[in-house]
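To keep things clear, I will list the structure first and then write my remarks on it.
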Amino acid sequence: MHDDLSTLPLLPTETAFFFDFDGTLAEIVDDPSMVRIDPTVLQAVERLQVISGGAIAVVSGREIDTLDVFLAPLRLPLGGAHGSERRDAGGELHRTASDGAAIERVVAALEDVARGHDGLVVERKRLSVALHYRRRPDLEATCRSAAQSLASQDVRLLEGKMVVELKLSGRTKGDLIADFMAEEPFLGRRPIFFGDDVTDEDGFRALPRWHGIGVKVGPGPTAATHRIADPAALHAWLLRLVNHTGTERGGSS
Ligand SMILES: [Mg+2]
């Protein structure tokens, strides 16, 4: 595990950049709908899109439509809903088919739990359902055990920060990264992926096949090769990277 990103030999023209959204590009907030990306960070992402030749994607548990709103006016290649939807660099949308009845069962069960307690929020997505307890951290055990009871071979449980999520698709962030890496302008580059949460581990585990670099944002066990303290440290690194382009040569920053 390396804690110093400044020694990475990284040229934007030879690198494929992948970023998680919440807790990585954006700080975690109490209400997921109130999240906002710092304008300086957004400008750095825009600059990186230019200097990398468009080899930058955001891969998130959120849906693509939601990510577009937060990232506006940028329109980036996106992986959404934990892998079940993807917009490629050409703007084409790829979606995994959904099992409506299975989703309804999970939604109904989690809404039952939320009805019984103030402050819990059920968020329905295309191929998953999330139960947020950011406003009721005291209910963590209740939420986790309710979600565990709904998990099965076809319904995968994701336990995140202040959220449990049941996912009805086998696809992961690792699959998203692999799909992008098979296409221009990502093809043939070395990927670097930044993520902070449990679901990002699938992405980190996929990286060795391209000799990729995984960067875990924050503490906790991880399959990533590198670690950075928090979103603010990532933002500072990103600004340094885009501001040094033209003078940056591998090994120094
Ligand atoms: Mg995250």
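Can you name the number of the only condition in (1) of a type outside the set (Gly, Ala, Ser); (2) touching a residue at least 60 places away in the same chain (Cβ under 8 Å); (3) open to solvent by less than 30 Å² (accessible area, probe 1.4 Å); (4) part of a helix (DSSP H, G or I) that residue 86 fails?
Going through the list (1) of a type outside the set (Gly, Ala, Ser); (2) touching a residue at least 60 places away in the same chain (Cβ under 8 Å); (3) open to solvent by less than 30 Å² (accessible area, probe 1.4 Å); (4) part of a helix (DSSP H, G or I), residue 86 breaks only (4).
Restricting to segment 38-65, give me the number of residues that are open to solvent by 50 Å² or more (accessible area, probe 1.4 Å), within 16 Å of the ligand (Cβ to nearest atom) and at pLDDT 95 or above.
So the count comes out to 0.
Tell me which helices (runs of 4 or more DSSP H) are completely within segment 139-216 and hold 2 or more residues being within 12 Å of the chain's Cα centre (by Cα), or say none if there are none.
The helices (runs of 4 or more DSSP H) meeting that bar are 173-181, 200-206.
Just need a number here: residues in segment 134-163 that are away from the ligand (no atom under 16 Å from the Cβ) and farther than 18 Å from residue 111 by Cβ.
Residues meeting the conditions: 8.
I'd like to verify a number: residues in segment 111-135 that are crowded, with 17+ Cβ neighbours inside 10 Å, part of a loop (DSSP other than H, G, I, E, B) and out of contact with any Lys or Arg (no Cβ under 7 Å at 6 or more places or on another chain), how many?
3
Are any of the residues in segment 49-57 in the same structural domain as residue 183 (by TED's automatic domain parsing) and over 23 Å from residue 237 (Cα atoms)?
no
Which is within 13 Å of the ligand (Cβ to nearest atom) and not small (Gly, Ala, Ser), of 231, 219?
Selected residue: 231, the only one of 231, 219 that is within 13 Å of the ligand (Cβ to nearest atom) and not small (Gly, Ala, Ser).
Would you check which residues across segment 91-110 are without any contact (Cβ under 8 Å) to a residue 60 or more places away in the chain, closer than 17 Å to residue 62 by Cα and assigned to a helix (DSSP H, G or I) and list them?
If the condition is that a residue be without any contact (Cβ under 8 Å) to a residue 60 or more places away in the chain, closer than 17 Å to residue 62 by Cα and assigned to a helix (DSSP H, G or I), then 107 is the only one that fits.
The values are calculated or read from the model by the stated rules, or taken from the named source; none is laboratory data. What you see is a predicted model; the values in this text were computed from it and never measured. Cβ coordinates were reconstructed from backbone atoms using ideal geometry, including for glycine residues, and neighbour counts include every protein chain displayed. SASA here: full protein model, heavy atoms, side chains in, ligands and nucleic acids out. Shrake-Rupley method; radii C 1.70, N 1.55, O 1.52, S 1.80 Å.
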